[in-house]
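Heads up: the structure comes next, in structure tokens.
The values are calculated or read from the model by the stated rules, or taken from the named source; none is laboratory data. What you are looking at is a predicted structure, and each value in this text was computed from that prediction instead of being measured. Cβ placement follows ideal geometry from the backbone for every residue including glycine, while neighbour counts extend to all protein chains displayed.
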């Protein structure tokens, strides 16, 4: 019985007038019902700031618009957080998409943690 309710919810949502959204969006939203932490990075205008893992400040072009963020447990092994910005033209057609994603192994999976330095790891010197 537990599995019937989400399916009915998806059908009811699609049939109630959400014709412009693909059903996959609704099923992904339902997956969020598991307690997931809120995003921890902050955004002000076109600047994203991360206080940890890593500590970084990312400044995007001034004309970008912040779309939003999400945070979830990825494959049961990692904490993932995404922030999305877009550049659009005057007709609101997206011209550029900025997808910034942070991932880190969960503390409950210490066997997956990296050891050693990341100094020579590709992309570590941005």
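Applying the set (1) at pLDDT 55 or above; (2) over 14 Å from residue 81 (Cα atoms) to residue 30 leaves exactly one unmet item: (1).
With the requirement that a residue be outside any strand (DSSP E or B) and either without any contact (Cβ under 8 Å) to a residue 24 or more places away in the chain or closer than 15 Å to residue 84 by Cα (or both), what does segment 39-53 give you?
The first filter runs over segment 39-53 and keeps only residues outside any strand (DSSP E or B), leaving 39-41, 45-46, 51-53.
If the condition is that a residue be outside any strand (DSSP E or B) and either without any contact (Cβ under 8 Å) to a residue 24 or more places away in the chain or closer than 15 Å to residue 84 by Cα (or both), then 39, 40, 41, 45, 46, 51, 52 are the ones that fit.
Determine whether residue 76 is in contact with a strand residue (DSSP E or B) (Cβ under 7 Å, 6 or more places away or on another chain), modelled with pLDDT of 90 or more, surrounded by fewer than 11 Cβ atoms within 10 Å (Cβ to Cβ) and at positive phi.
On the way: in contact with a strand residue (DSSP E or B) (Cβ under 7 Å, 6 or more places away or on another chain): no; modelled with pLDDT of 90 or more: yes; surrounded by fewer than 11 Cβ atoms within 10 Å (Cβ to Cβ): yes; at positive phi: yes.
Taking the combined requirement at face value, the residue does not satisfy it.
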